[in-house]
Amino acid sequence: MAIEVLVRVERGAYSHILLPAALERSGLGQRDRALVTRLTYGTLRHQAQLDPAVAACSHRSLHRIEAPVRAALRLGAYQLAVGVPAHAAVSATVAAAASLHPRSRPFVNAVLRRLAAGPPRIGTTDDDLPAWVRDRLAADLGPAAADVLGPPRAATATLRPNPRRTDPAVLADRLAAAGVATEAGRLVPEALVVRSGPAAAWRTIVAEGLATPQDEASQAVVALLDPRPGERVLEVGAGPGGKCTAAAERMDDRGIVAACDRHQGRLRRVRGAAERLGLGAIRPLAGDGRSLPLAAGAFDRVLVDAPCSGLGSWRRRPELVRRLRPDDPERLSVLQRALVAEAARVVRPGGRLVYAVCTCTAVETLGVDAWLAEHHPALVAEPVPGPWRTHGRGGLLLPGDDHDGMYALVLRRGGPCRDDGPRDPAGGGVPVASPT
């Protein structure tokens, strides 16, 4: 199972989504599930250190080795590096690789036996990060920046109770009766952090529409948006639906929550989430956030959930840093500025705009803030309360044991808007920029 997950992650899947789903389907017991998790995350975390050791023991270059075999070699190297007895690491990995790629047995056996003679050494978190990431974090957050991110780990399941169908205390009692221990969230008191127990029990709760799995930092962003019943709310970058459904729940499903995303697949997930939770206020909207098909000043509150480098979620997605390029934060900051500037157009005078990214680079946080202060002085920053740390005019949550890292900037729109625009009856009252 670990090899199959590693192969799919290398092809572009996200480990924090793929691994829990694979475990849920597996039927494995708790000890075996924990083993799969350690093997997968450990191999992903240390891949940059494992690959040179594997390459040195192979007569074939890594990129010419079949994907399942390459994953098996990395997995075997990781086990040897952390002290699994050589006979166990080699035999189990060879057998698993052969089950996926039968002709690989002699090759995997030979490479791993060479590795067992001199197991690879894996170091600290700092060693796991590319040099450019270490340098950027040191410049942005200080010399101990790598420690801020912490080691990769399996995601802690955190539930957002659906207040229209239950309350946290009732839900916690039902989960406890099913053997699931929970604690109240530290960032959002209504959140339920799952500490132990069968995942099938809380997944049943989710399927019934009583709760939604959502990282607590994401829940805290919606708390900053603070949507009220009867308001018009817009989320830019709404897929897969966690924040926009949270907004609709806070509004008691009264008003409009326009969920805008470029990708139809992500909008399908928004629709599915709204149906599961029984929310009628959600209005999925296909569109580019840099050019919204919406009238100026049309919304009371707008959330820009911007694409970013994602370093705040690295603990749950250790493959992330290998997918990033050194110029990605700067490239993404250009997009972020365009998204928030266009979002500012559709916020009514006096309305609230929240810009949020799950990263901590200066250019995507302080840089966007400074650009807005210079080019959009009508957007007045509002203080972000604790436990957010003051970061420029916004707030920063560093990655914690139970949540991702997150930056949020809360702005109040001043001044007149350019036009009110016509209303689109077919869109349930969502103001659009033209009759089309």
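Do you know which residues across segment 382-411 are charged (D, E, K, R) and either touching an Asp or Glu at 6+ places or on another chain (Cβ under 9 Å) or part of a loop (DSSP other than H, G, I, E, B) (or both)?
Matches in segment 382-411: 382, 393, 401, 402, 404.
Looking at segment 44-67, which of its residues are among the charged types (D, E, K, R) and under 31 Å from the mean Cα position of the chain (by Cα)?
45, 51, 66
Restrict the check to segment 299-310 and report whether at least one residue is under 26 Å from residue 164 (Cα atoms) and either out of contact with any helix residue (DSSP H, G or I) (no Cβ under 8 Å at 6 or more places or on another chain) or hydroxyl-bearing (Ser, Thr, Tyr) (or both).
Checked against the condition, which is being under 26 Å from residue 164 (Cα atoms) and either out of contact with any helix residue (DSSP H, G or I) (no Cβ under 8 Å at 6 or more places or on another chain) or hydroxyl-bearing (Ser, Thr, Tyr) (or both), segment 299-310 yields at least one hit.
Pick from segment 6-27 the residues that are touching a helix residue (DSSP H, G or I) at 6+ places or on another chain (Cβ under 7 Å) and free of Cβ contacts under 8 Å to residues at least 24 places away in the same chain: which of them is farthest from residue 179 (Cα to Cα)?
Of everything passing the filter in segment 6-27, 8 is farthest from residue 179 (Cα to Cα).
So that you can scan it fast, the table gives a plain yes or no per residue for (1) basic (Lys, Arg); (2) modelled with pLDDT of 85 or more; (3) loosely packed, with under 14 Cβ neighbours inside 10 Å:
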residue	(1), (2), (3)
112	no, yes, no
126	no, no, no
135	no, yes, yes
140	no, yes, no
145	no, no, no
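Return a yes/no flag: does segment 175-182 have any residue that is polar (S, T, N, Q), farther than 30 Å from residue 350 by Cα and buried (at least 22 other Cβ atoms within 10 Å of the Cβ).
yes
Which condition number in (1) outside any loop (DSSP other than H, G, I, E, B); (2) at pLDDT below 95 is the one that residue 356 fails?
(2)
Give me the pairs: first residue in segment 164-186 and outside the structural domain of residue 253 (by TED's automatic domain parsing), second residue part of a loop (DSSP other than H, G, I, E, B) and of a type in the set (Asp, Glu), beta-carbon distance under 8 Å, and six or more apart or on different chains, which are they?
Listed pairs, sorted by first residue: 164/252; 164/253; 168/190; 184/190; 185/402; 186/402.
With 36, 5, 54 as the choices, which residue is farther than 22 Å from residue 317 by Cβ and either among the hydrophobic types (A, V, I, L, M, F, W, C) or assigned to a loop (DSSP other than H, G, I, E, B) (or both)?
When all the criteria are applied, what remains is 54.
Can you tell me which condition residue 12 does not meet? The list is (1) over 19 Å from residue 314 (Cα atoms); (2) not in a helix (DSSP H, G or I), and all the others hold.
(1) is the only condition that residue 12 fails.
The values are calculated or read from the model by the stated rules, or taken from the named source; none is laboratory data. These numbers come from a predicted model, not from an experiment. In this analysis, Cβ positions are derived from the backbone assuming ideal geometry, glycine residues included, and neighbour counts consider all displayed protein chains.
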